[in-house]
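Here the structure comes first, spelled out in structure tokens, and everything after it is commentary.
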Amino acid sequence: MITIKNLTVEVEGKKILKDINLEIKEGEKVVLFGPNGCGKSTLFRVIMGMNDYNIVKGDILVNGKSILKKTIDQRVKLGIGYIAQKGVSIKGVKLEDLMEQYDFEYDDVKKDIKGLDIERFLDRDINYNLSGGETKRLELFTLSLLKDIDTYLLDELDSGVDLENIDRISSYLQKMSKKKALVITTHTGAILKELKMDVAYVMLNGEIVCKGDPIEIWGCIKKEGYEKCVNCDRRKK
Ligand code: ADP
Ligand code: MG
């Protein structure tokens, strides 16, 4: 379980996250909504321990223990897996070589590779010259190989992914996240059609302003826009 307590984060003297309180329970499926620049990716990056964000207040706990002093790889070992909004290409490294090095049997994951339609990317440099959607599929598969992850943080997994591949990603994610906690952000909402989420939060200007049913909140955002969220009655609850 990840607990975020009163988390306030600054970059270059500017507050980007303001007093965030959030609990991600075991196996819970959480979606974070919010307009561009509201701080969703920053929240993920701070949870992972990336960059020199200045945590001016608050804490991030995994199963009750603070992880603020932990490195990125220690956080992964504690069970947090992450796919960034923008994939990183790694020239000279191929996923099939990594799989071989870490003793993954191709036959064990053949079905997954077919299901995500990523076979032809395995012998190419990781994410090199892949489209946005292809990168997401490859990264999702790579993350699913790590069996000790129990919370997935997936930033805009459906961005740049066409409809056919949204189906592929959704059904794969459904399968791989059974019994695992999942936190996603989505811009288009496309992934919500297939993937059942338990709870949604809305972020505005670095604050969490709303919590509720994902489909209901998304319907409201689509109809009324994020501006409406600022004055919504739910906020006062
Ligand atoms: P979202 O993912 O919700 O679109 P981000 O978390 O990427 O938003 O960004 C939130 C705000 O913080 C934006 O205004 C962005 O420009 C700013 N920001 C994020 N990281 C940095 C950084 N390392 N340096 C300066 N500004 C940053
Ligand atoms: Mg983002």
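Looking at (1) surrounded by 15 or more Cβ atoms within 10 Å (Cβ to Cβ); (2) within 29 Å of G206 (Cα to Cα); (3) out of contact with any helix residue (DSSP H, G or I) (no Cβ under 8 Å at 6 or more places or on another chain); (4) among the basic types (K, R), find the lone condition where K69 falls short.
Only one criterion is unmet by K69, namely (1).
For residues in the range 33-57 being more than 13 Å from ligand 2 (Cβ to nearest atom) and within 30 Å of I215 (Cβ to Cβ), which is surrounded by the fewest Cβ atoms within 10 Å (Cβ to Cβ)?
M48
S159: among the polar types (S, T, N, Q), touching a residue at least 12 places away in the same chain (Cβ under 8 Å) and farther than 24 Å from K223 by Cβ, yes or no? Explain how you work it out, then say what you get.
Details: among the polar types (S, T, N, Q): yes; touching a residue at least 12 places away in the same chain (Cβ under 8 Å): yes; farther than 24 Å from K223 by Cβ: no.
Judged against the criteria, S159 is not a match.
List the number of the failed condition for T71; all other conditions in (1) touching an Asp or Glu at 6+ places or on another chain (Cβ under 6 Å); (2) at pLDDT 95 or above hold.
It is condition (1) that T71 fails.
Given the options D52, D112, name the one that is among the charged types (D, E, K, R) and either within 15 Å of ligand 1 (Cβ to nearest atom) or over 26 Å from V161 (Cβ atoms) (or both). Full working, then the answer.
Details: D112 fails: either within 15 Å of ligand 1 (Cβ to nearest atom) or over 26 Å from V161 (Cβ atoms) (or both).
Every option except D52 fails the conditions.
Within the range 45-66, work out how many residues are modelled with pLDDT under 95 and touching a helix residue (DSSP H, G or I) at 6+ places or on another chain (Cβ under 7 Å).
3
Please find, within the range 77-88, the residue that is farthest from K136 (Cα to Cα) out of those that are away from ligand 1 (no atom under 16 Å from the Cβ) and touching a helix residue (DSSP H, G or I) at 6+ places or on another chain (Cβ under 8 Å). Step through it out loud before you land on a result.
Our first condition is that a residue be away from ligand 1 (no atom under 16 Å from the Cβ); within the range 77-88, this holds for 77-81.
Adding the requirement that they be touching a helix residue (DSSP H, G or I) at 6+ places or on another chain (Cβ under 8 Å) leaves 80-81.
Details: I80: 18, G81: 14 Å.
So the residue we want is I80.
Can we say D150 is in contact with a Lys or Arg (Cβ under 6 Å, 6 or more places away or on another chain) and at pLDDT 95 or above? Let's see the steps before the verdict.
Values: in contact with a Lys or Arg (Cβ under 6 Å, 6 or more places away or on another chain): yes; at pLDDT 95 or above: yes.
Spelling it out, D150 is indeed in contact with a Lys or Arg (Cβ under 6 Å, 6 or more places away or on another chain) and at pLDDT 95 or above.
Quick one: is V46 of a type in the set (A, V, I, L, M, F, W, C), within 16 Å of ligand 1 (Cβ to nearest atom) and part of a helix (DSSP H, G or I)? Explain how you work it out, then say what you get.
Values: of a type in the set (A, V, I, L, M, F, W, C): yes; within 16 Å of ligand 1 (Cβ to nearest atom): yes; part of a helix (DSSP H, G or I): yes.
The answer is yes for V46.
Residues E100, E96: which one is in contact (Cβ under 8 Å) with a residue 12 or more places away in the chain and not in a strand (DSSP E or B)?
E96
Between a first residue in the range 124-136 that is farther than 15 Å from Y172 by Cα and a second residue that is charged (D, E, K, R) and in a strand (DSSP E or B), which pairs have beta carbons less than 8 Å apart while being 6 or more apart in sequence or on different chains?
Final answer for the pair search is R124/K94; D125/K91; D125/K94; I126/K94; Y128/K91.
State which residue pairs qualify: first residue on the phi > 0 side of the Ramachandran plot and inside the range 216-233, second residue surrounded by 11 or more Cβ atoms within 10 Å (Cβ to Cβ) in any location, beta carbons under 9 Å apart, and separation of 6 or more residues or different chains.
G225/P35
Give L22, L32 a once-over and let me know the one that is away from ligand 1 (no atom under 14 Å from the Cβ), more than 14 Å from K57 (Cα to Cα) and of a type in the set (A, V, I, L, M, F, W, C).
Details: L32 fails: away from ligand 1 (no atom under 14 Å from the Cβ).
Going through L22, L32 in turn, just one is away from ligand 1 (no atom under 14 Å from the Cβ), more than 14 Å from K57 (Cα to Cα) and of a type in the set (A, V, I, L, M, F, W, C): L22.
The values are calculated or read from the model by the stated rules, or taken from the named source; none is laboratory data. Note that the coordinates shown come from a computational prediction; the quantities given were computed from them, not determined experimentally. Cβ: placed from backbone, ideal geometry, glycine included. Neighbour counts: every protein chain shown.
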